[in-house]
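Student: Starting off with a structure, shown below.
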Amino acid sequence: MKAWHTMLNRLPKRMPSFGDMLADLGSAHPRDVAKALGVNPGTVRRWIREGDAPRPAALALFWVTRWGQQWADADLFNLAQVHMGLSAARLRELEQAQAEIERLREQISRLGRLGEFGSANDPVQGATGPGPVKPAPVPCPSEPLLTFSGFESTFQKQSEAPARHEHVPRFNKRQARAVARSVR
């Protein structure tokens, strides 16, 4: 539903008579009423003689009378009540969420006190982490690797220092089965 449609439904259906509204305003002079409504003073005098004014003029005057002010005050009070209720509901939701967070923190703490079991992929049971990782040395060929228009780039052989890592043979599935059968 469009906002203007709901606002139009909030206009007063019944209003006091034009004479009563003028009396509520302290029997304002027709010249002052005409200036406020943007019409000719003779028009306001005619409305007073007839005892009625067009609805737009009556609505404009209605909101500055005590009846219009009471209407606006009641509307503001009702809106304030609605927003206070919404605020209280949000506060209750916040308190419930905070209680749930606290309950979950206590549950995490309780589970943490049960024991430290490590993770399923720890290399050694009880280890807490892999530690610093050192990259394995990459063998460099002594032959020229790339040649660009007469420029040769060669890699130097690794130093003859003892190897830091033990050589672990790699097998494909067929070789692994053959080794397993020979061990049996």
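Student: According to a simple spin-label model (label point 7 Å from Cα along Cα-to-Cβ), what is the distance in nm between S27 and A88?
Tutor: Each label point is offset 7 Å from its Cα along the Cβ direction, giving 4.8 nm.
Student: Assuming 0.36 nm per residue, please report the length gained on full extension of the stretch N40 to N78 beyond their Cα-Cα distance. Each step should come with its number before you reach the end.
Tutor: Details: separation 38, 0.36 × 38 = 13.68 nm, distance 3.81 nm.
Contour length minus the Cα-Cα distance gives 9.9 nm.
Student: Karplus couplings for the range 17-32 from phi (6.51 cos²θ - 1.76 cosθ + 1.60, θ = phi - 60°), rounded to Hz, Gly and Pro as x?
Tutor: 3J(HN,Hα) across the range 17-32, in whole Hz: 5, 4, x, 5, 5, 5, 5, 5, 7, x, 6, 4, 5, x, 5, 5.
Student: If you stretched the chain out fully between K13 and R181, how much longer would it get, using 0.36 nm times the residue separation minus the C-alpha to C-alpha distance?
Tutor: The K13-R181 span can extend by a further 50.6 nm.
Student: Related question: For the range 15-64, rounded, prolate or oblate, judged on the Cα gyration tensor with a ≥ b ≥ c (square roots of eigenvalues), a/c < 1.5 rounded, else prolate if a/b > b/c?
Tutor: On the way: a/c = 1.27, a/b = 1.22, b/c = 1.04.
Since a/c stays below 1.5, the shape of the range 15-64 is classed as rounded.
Student: Next question, about the same structure. In nm, to one decimal, how far is the modelled label at Q69 from the one at R174, with both set 7 Å along Cα→Cβ?
Tutor: 10.2 nm
Taken together, the values in this text are just the output of simple stated rules run on the coordinates, not laboratory data. A quick note: this is a predicted structure, and the numbers were derived from the prediction, not measured. As a convention, Cβ positions derive from the backbone with ideal geometry for all residues, glycine included, and neighbour counts pool all protein chains shown.
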